[in-house]
Amino acid sequence: MDGIDDLSRLRAFIEGEAERGNTQLPPEPKLAEALDVSRGRLRTLLKRVEDEGLIWRHVGKGTFIGEREVDPTAPEWAADVSLGDIMDARRLLEPMLAGQAAINARPADLSAMEKSLTEMETAASYAQWKRLDERLHRLIATATRNPLLLLLHDTLRGQGRSGLDTRLNAVFGQETAPSATNRQHEAIVAAIRSGDPESAENAMRDHLTSVREQLFGLR
């Protein structure tokens, strides 16, 4: 029964701190004293409530109330993200961006996209083509006219960039301008220009599925 009471008291303590607007628990010595338990017992209890999602712990910083929020700038988080994860996330996000761009794109957006397409056709090197590719995808995100969607795009594209670049160079590096990919880009921009969200979404999804298949042999 004492074990159950200890756990209940810790849960109640956490709830009380949260209601007072506190986001972090006291240091272990003070928390153990407040609950009248040993440090060893406290660690066992903290593990239990951490498993329940009531707290999360950061080595060197302390114990925080609630479930841990994702920090895309944290090295330990980025290390868990694979290239496959990035491509899967892009296949979910970027078709939606293309659809929104078809609704909200302005003439200046379309002109910038067309300019990128033309420059990609005549790119002198794969490195130049890849920079233009990144620019086109960002132009599409910008054309959504939604700053939060643009932030999501930039955050996603920033994750694992070096690893993805290495893989892209290995697959496409001998080409100056991947012609099949250029045709896919043209289809995306054409759908956006025509104001057809569904076609824009489908064209972007087909494009990213093709890229994933070429990079990893997966559809």
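The values are calculated or read from the model by the stated rules, or taken from the named source; none is laboratory data. Given the structure is predicted, the values throughout are model-derived calculations rather than measurements. Heads up, the Cβs are rebuilt from the backbone with ideal geometry, glycines too, and the neighbour counts pull from every protein chain shown.
Right, residue 139: modelled with pLDDT of 95 or more, assigned to a helix (DSSP H, G or I) and out of contact with any helix residue (DSSP H, G or I) (no Cβ under 6 Å at 6 or more places or on another chain) or not? Show your work before the answer.
Values: modelled with pLDDT of 95 or more: yes; assigned to a helix (DSSP H, G or I): yes; out of contact with any helix residue (DSSP H, G or I) (no Cβ under 6 Å at 6 or more places or on another chain): no.
It is false that residue 139 is modelled with pLDDT of 95 or more, assigned to a helix (DSSP H, G or I) and out of contact with any helix residue (DSSP H, G or I) (no Cβ under 6 Å at 6 or more places or on another chain).
Filter region 116-136 for residues that are of a type in the set (D, E, K, R) and either part of a loop (DSSP other than H, G, I, E, B) or more than 28 Å from the chain's Cα centre (by Cα) (or both); which is nearest to residue 211 (Cα to Cα)? Steps first, answer last, please.
If we filter region 116-136 for residues that are of a type in the set (D, E, K, R), which is where we start, we get 119, 121, 130-131, 133-135.
Checking which are either part of a loop (DSSP other than H, G, I, E, B) or more than 28 Å from the chain's Cα centre (by Cα) (or both) leaves us with 119, 121.
On the way: 119: 20, 121: 18 Å.
Residue satisfying both the conditions and the ranking: 121.
Residue 178 passes every criterion in (1) modelled with pLDDT of 90 or more; (2) surrounded by 20 or more Cβ atoms within 10 Å (Cβ to Cβ) apart from (1).
Within region 110-139, work out how many residues are in contact (Cβ under 8 Å) with a residue 60 or more places away in the chain and either more than 18 Å from residue 204 (Cβ to Cβ) or acidic (Asp, Glu) (or both). Adding up the residues that qualify gives 2.
Pick from 10, 46: which is closer than 18 Å to residue 61 by Cα and assigned to a helix (DSSP H, G or I)?
On the way: 10 fails: closer than 18 Å to residue 61 by Cα.
Just one listed residue meets the conditions, 46.
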